[in-house]
Amino acid sequence: MSALFLPSATPAAQVVTAARCAMNGTGPVLALGAPVADDAVLPAGTIAVVTTSGSSGVPKSVILSRSALTASAMATADRLGAGEWMLTLPPTYVAGLQVIIRSLVQGHDPVVLDGHFSPDAFVDTAGRMHATADGAPVPRFVSLVPAQLQTLLDAADDPAVAGTGRSFRAMLVGGQAVAPALLERAREEGWRIVRTYGSTETSGGCVYDGRALDRVSLRIVDGELQVAGPTLADGYLGEPERTDAVFLTDADGIRWYRTGDAGELTDDGVLSITGRLDNVIISGGVNVSLDRVERVVRAIPGFEDVVVVGADHERWGQVPVVVTAHAEHADALARVRDTVEAEVGVAGRPDRIVPVAEIPLLASGKPDRRVLTALVAR
């Protein structure tokens, strides 16, 4: 089965066209983020292979079918209503792809915000959206990451920005945890925010404001959130063992996806995510392995025994923080940030260096990361 490689810099309009052809069967499978080998074997009905970062920093190529993407799009329409979508996210990531699929399922293209995201661009793009159709108002929807929401809120003293935000029936915000203060600011502006949770393996958002979409099931097993339903991916391209380890089938024949997230469910089914079971944070919508950042920092002379933990951040959701028991040099943070950016990427740059008298240890002799995380939070 052939696949059309669309790298991350591909213009959104080109991805929309390719997605339309893939969905109606006239075009090849989309290879988003990385090429797919010509001899790769893909399940029937595959629409896209989305390559994304894994917890270990090793990329994984997720196979998404027409039925899974369509089920997700229809479940979103059932929850929020039908309408017109603005595309502000990279279309080669699952959140951007899902905005495209939601639009195509409803019979139209998304309205694309071209170029750099800014309050002016947001207002201008909203101005190209339909206000009415056949005399009836057309509901507007947009999907954002928290950094974009903050950018808009910081400009909300402009009546055009504030009014445009209020014109949307729902502004979906996901990709990472959203700071409560940010949500409160948006609500004060009268913006209708919907917090979303999901991943590439679930065809994007599958939990809205803590509640699973229709036909999506949630359970907690040994503290880990698992998800079932028609939106699940088929697995990982060329990695059957990884697929079998992450996608489980229970005694009743129900297929579950192990998210790797620690979560809690209330008696009436409201989900809250309490962290990652592995040592990974999500910074600006990008998975960052703290173990990997730590290895890079420890390779810098004078930083051999540092510990890297995650901390909440209003703009980026979470950020790495370096903890050290040694004196801090004047240029230490700049050196650390530059080195990590070169090895891991922008999202992995530590936010700050926190000096401590000594690194607390567990009985095993390993650093007590829980204590250090609490210390950094204070």
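As a rough guide to protection, the peptides 265-274, 117-126 ranked by mean Cβ packing within 10 Å, highest first, stand as 117-126, 265-274. Binning the alpha carbon pair distances of segment 279-377 at 10 angstrom intervals from zero yields the distribution 17, 53, 28, 2, expressed in whole percent.
Taken one residue at a time, the phi angles of segment 242-249 give Karplus couplings (6.51, -1.76, 1.60, θ = phi - 60°) of 5, 4, 5, 6, 9, 10, 10, 10 Hz. Gly and Pro are set to x.
Let me check against my output: what whole-number percent is the relative contact order of the chain, with C-alpha pairs under 8 Å and at least 6 apart?
On the way: 748 pairs, mean separation 45.7, N = 378.
Relative contact order here is 12 percent.
For Ser217 and Arg128, the difference between the fully extended length at 0.36 nm per residue and the C-alpha to C-alpha distance is 28.3 nm. Using just the C-alpha positions of the chain as equal point scatterers, what log10 of I(q)/I(0) does the Debye formula give at each q in 0.09 1/Å? After summing over all Cα pairs, the log10 values are -0.55.
A straight line joining the Cα centroids of segment 104-147 and segment 14-54 runs 25 Å.
Give, rounded to the nearest 20 debye, the magnitude of the charge dipole that segment 302-362 has about its Cα centre when Lys and Arg contribute +1 at Cβ and Asp and Glu contribute -1 at Cβ. Please report the intermediate quantities before stating the final value.
Values: 5 positive and 11 negative charges, 31 e Å.
Rounded to the nearest 20 debye, it is 140 debye.
The 3J(HN,Hα) values that the Karplus relation (6.51, -1.76, 1.60; θ = phi - 60°) gives for segment 312-323 are, in residue order, 5, 9, 4, 8, 9, x, 8, 9, x, 10, 8, 10 Hz. Gly and Pro appear as x. For the pair segment 154-193 / segment 197-228, the C-alpha centres are spaced 24 Å from each other. For the chain, DSSP calls about 65 percent of its internal beta bridges antiparallel.
Putting +1 on Lys and Arg Cβ atoms and -1 on Asp and Glu Cβ atoms, find which of Trp191, Val138, Gln226 reaches farthest to the positive end of the dipole of segment 98-257. Going by the Cα projections, it comes out as Val138. Distant-in-sequence amide contacts of Phe5, defined by a placed amide H-H separation under 5 Å and a gap of 5 or more residues or a different chain, comprise Ala31.
Each residue of segment 296-310 was assigned a 3J(HN,Hα) from its phi angle through the Karplus expression (A = 6.51, B = -1.76, C = 1.60, θ = phi - 60°), giving 5, 5, 5, 7, 7, x, x, 10, 5, 10, 6, 10, 10, 10, x Hz with x at Gly and Pro.
Sum -39500 (n - 2.57) across every DSSP H segment of at least 4 residues in the chain, then divide by the residue count to get the 222 nm mean residue ellipticity, nearest 500.
Values: 11 runs with 111 residues, N = 378.
Dividing the helical sum by the residues of the chain leaves -8500 deg cm²/dmol.
Taking amide H positions as modeled 1.01 Å from N, with prolines and chain starts lacking one, the residues under 5 Å from Ser65 and 5 or more places away or on another chain are Ile47, Asp234.
If you place +1 on the Cβ of every Lys and Arg and -1 on the Cβ of every Asp and Glu, how big does the dipole about the Cα centre of the chain come out, in debye to the nearest 20? Intermediate results must be reported in sequence, preceding the final value.
Details: 32 positive and 45 negative charges, 78 e Å.
Charge dipole of the chain: 380 debye, to the nearest 20.
Close amide H partners of Arg211, meaning residues 5 or more places away or on another chain with modelled amide H under 5 Å apart, are Leu271. Provide the net charge surrounding Ser283, with neighbours chosen by a C-beta distance below 14 Å and charges set as Lys +1, Arg +1, Asp -1, Glu -1. Result for the neighbourhood of Ser283: +2. Which one of Ala262, Val293, Val354 has its Cα pushed farthest toward the positive end of the charge dipole of the chain, where Lys and Arg give +1 and Asp and Glu give -1 at the Cβ? Value: Ala262.
Roughly what % of DSSP beta bridges within segment 279-377 run antiparallel, to the nearest 5? Intermediate results must be reported in sequence, preceding the final value.
Values: 12 of 16 bridges.
Here the share of antiparallel DSSP bridges comes out near 75 percent.
Read-outs: derived from the displayed coordinates by stated rules, not from any lab. Everything quoted here is computed from the prediction, not taken from an experiment. For neighbour counting, all protein chains shown are included, and Cβ atoms are generated from backbone atoms with ideal geometry for every residue, glycine included.
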